[in-house]
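Take a look at the structure set out below.
The values are calculated or read from the model by the stated rules, or taken from the named source; none is laboratory data. These numbers were taken from a predicted model, which means no experiment stands behind them. Here the Cβ positions follow ideal geometry from the backbone for every residue, glycine too, while neighbour counts run over all protein chains shown.
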């Protein structure tokens, strides 16, 4: 099997430009699936975070229900595939989380107060984008803010801790792994809701970055169950897009 | 009319199409890459998948400019056709020496075929010259980079649109735009079919200008649509490997 080069080095330190990537046929798609499988297994060996347990539990619970509904509506086969993926091995995503709707309400309320003319704290923005989508709040500015983040990320392949008024080049740390995870989830949700492949493309780059990171950079910042959730939803989205391709692709059963 | 041309496969498609259609630029400013590393839009000859390319025009109405030689030398093409050219003092179109050179030329319109990913800055746009660019995507829907892979995934078509360049990416008024069906050999999109689609729109745009003696616009208000960024290789592979129904030639 050919190497999946996009996660081979730490992409926070060495971003990939993705320009004029070469065509490698079915083998490349299989190397992608294999890469994600290996990383889901890897994430399961990492202790889950202990800093955002309550918030992450709420997000993961809502995300699981959201993706289940989407894939159920996509097709019977997609639903079956999702359930197979979801139950693939012992993936440790627990469906019995307690829920607290105030967590998402608070995120939306902070998000609503954000203004392009002010300094924007990226975590507040990302929490709000997720909460908006998970609660079905269809505000126009969800797309506007998401597009701004996509533009900033695609230009630099980094997310900054803060963005100055006008949302120009960011400031602060670019190594807050949690921001990339939240961004990936937001993109994934937006893709499954709209079918706009642009967002899936950026999400794949975010997942590459997360999969390229060593354990020490993940621990304490990201829910490892949440990382698996992101990759599982991405895999299912990709599988749905490969239905027109002939030839054998890797099976996750 | 003049031409600003980097040594890329797109330029090769343009020049061969122009020669084939008897539309000779009066002057070409050529950007050459003297480094060992390929620049965006350049090709390693071994990566062409098509077995053979000839300069015979294709009988396919939509892909009439498909048959060009992507590995020909730009300088040889220009010399054979006796098109005057000079080598640019810099690879950077926004370099002051290049701007001065273009400013001093008598041509008011230049066909633009620079290295990939280059934006024209205010200084060169302020020279008063018009830069005719063909974007590889159907405007205003598909702005930005690698848009033909996205449109193949979304509606199984490709596109090309001619515009006069402005500071904002792919947002100048649209002179002419076309949709193209998915090509039979999708592996060659980067260096053959994307270039061939743009060459076809370039020729159609120039023919319309020659016939009417003025620039007419199919879409003056090129607003809206999405800005796309370089497609992830997984999606690029799906786009190439998908076997969707061919869309109509528009």
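Listing for the model above:
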quantity: Condition check for residue A:114: away from chain B (no Cβ under 14 Å) and in a loop (DSSP other than H, G, I, E, B); calculated: yes
quantity: Filtered residues of the stretch B:219-233 (kept if within 14 Å of another protein chain (Cβ to nearest Cβ) and not in a helix (DSSP H, G or I)); calculated: B:224, B:225, B:226, B:227, B:228, B:229, B:230, B:231, B:232
quantity: The lone exception for residue B:203 - which of (1) modelled with pLDDT of 95 or more; (2) away from every other protein chain (no Cβ under 14 Å); (3) crowded, with 23+ Cβ neighbours inside 10 Å; (4) within 13 Å of the chain's Cα centre (by Cα) it fails; calculated: (3)
quantity: Which listed residue, of B:211, B:250, is modelled with pLDDT under 90 and more than 18 Å from the chain's Cα centre (by Cα); calculated: B:250
quantity: Condition check for residue A:239: at pLDDT 95 or above, in a helix (DSSP H, G or I) and either within 14 Å of another protein chain (Cβ to nearest Cβ) or crowded, with 22+ Cβ neighbours inside 10 Å (or both); calculated: no
quantity: Any chance residue B:185 is within 14 Å of the chain's Cα centre (by Cα), under 23 Å from residue A:18 (Cβ atoms) and either buried (at least 16 other Cβ atoms within 10 Å of the Cβ) or within 14 Å of another protein chain (Cβ to nearest Cβ) (or both); calculated: no
quantity: Contacts under 6 angstrom Cβ, first residue in the stretch B:73-98 being outside any loop (DSSP other than H, G, I, E, B), partner at pLDDT 95 or above and loosely packed, with under 12 Cβ neighbours inside 10 Å, 6 or more apart; calculated: none
quantity: Filter result (closer than 14 Å to residue B:18 by Cα and touching a residue at least 60 places away in the same chain (Cβ under 8 Å)) within the stretch B:191-208; calculated: B:195, B:196, B:197, B:198, B:199, B:200, B:201, B:202, B:203, B:205, B:206, B:207
quantity: Test: residue in the stretch A:117-139 that is surrounded by 22 or more Cβ atoms within 10 Å (Cβ to Cβ), over 29 Å from residue B:153 (Cα atoms) and either within 14 Å of chain B (Cβ to nearest Cβ) or free of Cβ contacts under 8 Å to residues at least 24 places away in the same chain (or both); calculated: yes
quantity: Single residue of the stretch A:151-200 satisfying the filter (in contact with a strand residue (DSSP E or B) (Cβ under 8 Å, 6 or more places away or on another chain) and within 14 Å of chain B (Cβ to nearest Cβ)) that is surrounded by the most Cβ atoms within 10 Å (Cβ to Cβ); calculated: A:198
quantity: Unique match (being within 14 Å of chain B (Cβ to nearest Cβ), at pLDDT 95 or above and either over 17 Å from residue A:33 (Cβ atoms) or in contact with a strand residue (DSSP E or B) (Cβ under 8 Å, 6 or more places away or on another chain) (or both)) among A:213, A:209; calculated: A:209
